[in-house]
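The values are calculated or read from the model by the stated rules, or taken from the named source; none is laboratory data. These figures come from a predicted structure and were not determined experimentally. Cβ placement follows ideal geometry from the backbone for every residue including glycine, while neighbour counts extend to all protein chains displayed. SASA here: full protein model, heavy atoms, side chains in, ligands and nucleic acids out. Shrake-Rupley method; radii C 1.70, N 1.55, O 1.52, S 1.80 Å.
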Amino acid sequence: MSVVSGVTVTVPATTANLGPGFDCIGAALTLYNEMKFTRLDEGGLIIHVTGEEAEGVQTDESNLLYQAFAKLFQYIEQIPPSVKIEIQLGVPLARGLGSSATAIVGGLVAANQLAGEPLSQLQVMELAIAMEGHPDNVVPALLGGCRLAASSGAGWEICDVPWHENVVPVVAIPDFELSTQEARRVLPTEVSRADAIFNTAHLGLLLRGLATGKGEWLKTALQDKLHQPYRKALIPGYDAVNMAAVAAGAYGMVISGAGPTLLSLADAEHSQSVEAAMRSAWQQEGITAVVRSLSLDNQGARSTKQG
């Protein structure tokens, strides 16, 4: 078997939760991080990062991408090779768009390629979930599309969720960060039976709304009682942006992942108006935001070998 000298991995951003689907549903979006791994003849680790937020990425062994890379070699009981890693950032950091998931998936996929693919995609996925702690970001980052993950006790059952072509995700990415740890800290440790039933019903409706594109279902389905009522206080201007998006024709607005990015779902006819409304509402709060209509990425992580 020939030795692979390098591999380039491209991993999509993800949006998780989608309102009532807390910690179990996520979708891959058309924003990407690219990571190029090249074997080095001499021992060591070299990491170069380019992109708007490059200064926020560690360039030593504490780098999450490298930790995932080393994790796979540890799992197969091999010593990680010396590598040069070149990272091109396209997914903003600490914004609720799965930047950590791109690192975990990218590192594991690259390591698996350089090691000669000893692990199946399922095994790579299970390692990614173990590293991240929950499946909602890493699963769509690896597999693409919109995915629902459920624990079977012994492992995970992954269900692909049909997404109607006329349902457009509009992301509003503000110029401030929000750590996942802080967003989890504000959540209650227990919820009422009524709130649990509410979310169960709304998640079921969300799955049908995404599949059919039926607006009335989506307007109701995006409501949540498990995490958004607590987290929205951490996001300045949340209510104003929500009102503006709905007034412009969005079915509804949710917090993307742990935030602070806000995600609206709209039809193609209204997506541009929703973009403008969300951007303007945040501007009036003194916050600059990049607002974009995206599409679902159905491919997930992709890799190209060198040599």
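Descriptive notes on the structure:
- Scanning segment 178-207 for residues that are closer than 20 Å to residue 134 by Cβ and either surrounded by fewer than 18 Cβ atoms within 10 Å (Cβ to Cβ) or touching a Ser or Thr at 6+ places or on another chain (Cβ under 8 Å) (or both) yields a count of 16.
- Matching residues, segment 189-237, being under 17 Å from residue 263 (Cβ atoms) and of a type in the set (Lys, Arg): 219, 231, 232
- Complete set of residues in segment 6-55 that are acidic (Asp, Glu) and in a strand (DSSP E or B): 34
- Top-ranked residue in segment 88-123 [being aliphatic (A, V, I, L, M), touching a helix residue (DSSP H, G or I) at 6+ places or on another chain (Cβ under 7 Å) and surrounded by fewer than 24 Cβ atoms within 10 Å (Cβ to Cβ); ranked as farthest from residue 255 (Cα to Cα)]: 115
- Taking segment 97-193 and the helices (runs of 4 or more DSSP H) fully enclosed by it, the elements with 2 or more residues that are closer than 22 Å to residue 298 by Cα and modelled with pLDDT of 95 or more are at 99-114, 121-132, 138-143.
- One residue stands out among those in segment 131-141 that are open to solvent by 10 Å² or more (accessible area, probe 1.4 Å) and closer than 26 Å to residue 207 by Cβ: the one that is nearest to the chain's Cα centre (by Cα), which is 137.
- Filtering 110, 28 for residues that are touching a residue at least 60 places away in the same chain (Cβ under 8 Å) and either within 30 Å of residue 189 (Cα to Cα) or more than 20 Å from the chain's Cα centre (by Cα) (or both) leaves a single hit, 28.
- Residues in segment 22-60 that are at pLDDT 95 or above and more than 28 Å from residue 79 (Cα to Cα): 25, 26, 27, 28, 29, 30, 31, 32.
- Candidates 46, 79 - the one that is open to solvent by 10 Å² or more (accessible area, probe 1.4 Å), out of contact with any helix residue (DSSP H, G or I) (no Cβ under 7 Å at 6 or more places or on another chain) and over 30 Å from residue 262 (Cα atoms): 46
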